[in-house]
Amino acid sequence: MKNSSTVGCQQQGASTLLFALFAVAVLTTAVVALTFGHMFGYQRGYHALQTETEQAAIDNEQVTNELEDLRISNKVLSSQAETAKQELAISLANLEELRRNQQELKVESEQVAQLNQLYAKVITEQGGMALQVLGAKIEPLPENAFEYGFDVGMLSEDGEAKSLTVTLTLQNQDSFVEVPLNPTGYAIEGIVRIRGRFVMPDNFDPLQVKLSLEADGQEVEQLYDWQLGDRVDSMPLSLLDLPEIDQSPIQP
């Protein structure tokens, strides 16, 4: 019986030891697991925080760059707005100056017209002004074409406009060619400016130009020698590139 009790006590002690060892192993495992879990969680958290920090730095740099771009764009837009404002002010000033100039020209034109009417009245009262050529020119153009211009003046005794018939003829020793005019007739009451262009016929070399005028029973014929100056270097190569015919008064 005594031996049995001794064996039972030993078995009980062994069981307790095994239980204690098992508990220690479980505790150790738990501690190790907690330690590794903590370390793993810390590393993951650290890497996540590091990634977020790097991304935040990148985002901050992008925002900084965008703000800088916006600042530059705003500066450019401000400069453009200021330039546009200055250009608008200049345009308005030029427009105002142009308006004043136009008003001055209008007044001067009215004054000149009034003076011309006075002169015409005085001349008419003195018997009028005979039909005459005040200025003439013929200039070369591209493609064997020419531009003519004649300023003709006349005031009738009654001060009324009269019908003026115009004929332009090219002449050489053997023949002549009549230049087609458009229009061929005018109403003259002071000064008429006859302008136009024509193409020289092939194989025709004129020596003279004859201008024939007829108005209010008066006839005038004026002969001009065919003399042309040198070709102008800046002359266009085609008739299509020519400007409108110059209506300025012809200098005698």
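Starting from region 183-203, keep only residues that are over 26 Å from Pro243 (Cβ atoms), then list their pairs with residues that are charged (D, E, K, R) whose Cβ atoms are within a distance under 8 Å, requiring at least 6 positions of separation or different chains.
Ala187/Lys162; Ile188/Lys162; Glu189/Glu160; Glu189/Lys162
For the subset of region 162-173 comprising residues that are over 22 Å from Ser248 (Cα atoms) and surrounded by 12 or more Cβ atoms within 10 Å (Cβ to Cβ), which member is farthest from the chain's Cα centre (by Cα)?
Asn172
Whether any residue in region 174-187 is surrounded by fewer than 16 Cβ atoms within 10 Å (Cβ to Cβ) and within 16 Å of Met129 (Cβ to Cβ) is what I want to check.
yes
Suppose we filter region 119-157 for residues that are surrounded by fewer than 16 Cβ atoms within 10 Å (Cβ to Cβ), farther than 23 Å from Tyr186 by Cα and within 46 Å of the chain's Cα centre (by Cα); how many remain?
Qualifying residue count, region 119-157: 5.
Within region 134-157, which residues are touching a helix residue (DSSP H, G or I) at 6+ places or on another chain (Cβ under 8 Å) and under 23 Å from Asn116 (Cβ atoms)?
Across region 134-157, the qualifying residues are Leu155, Ser156, Glu157.
We did not get these values from a lab; they are worked out from the coordinates using the rules stated. A quick note: this is a predicted structure, and the numbers were derived from the prediction, not measured. Here Cβ is always computed from backbone atoms with ideal geometry, including for glycine, and neighbour counts include all displayed protein chains.
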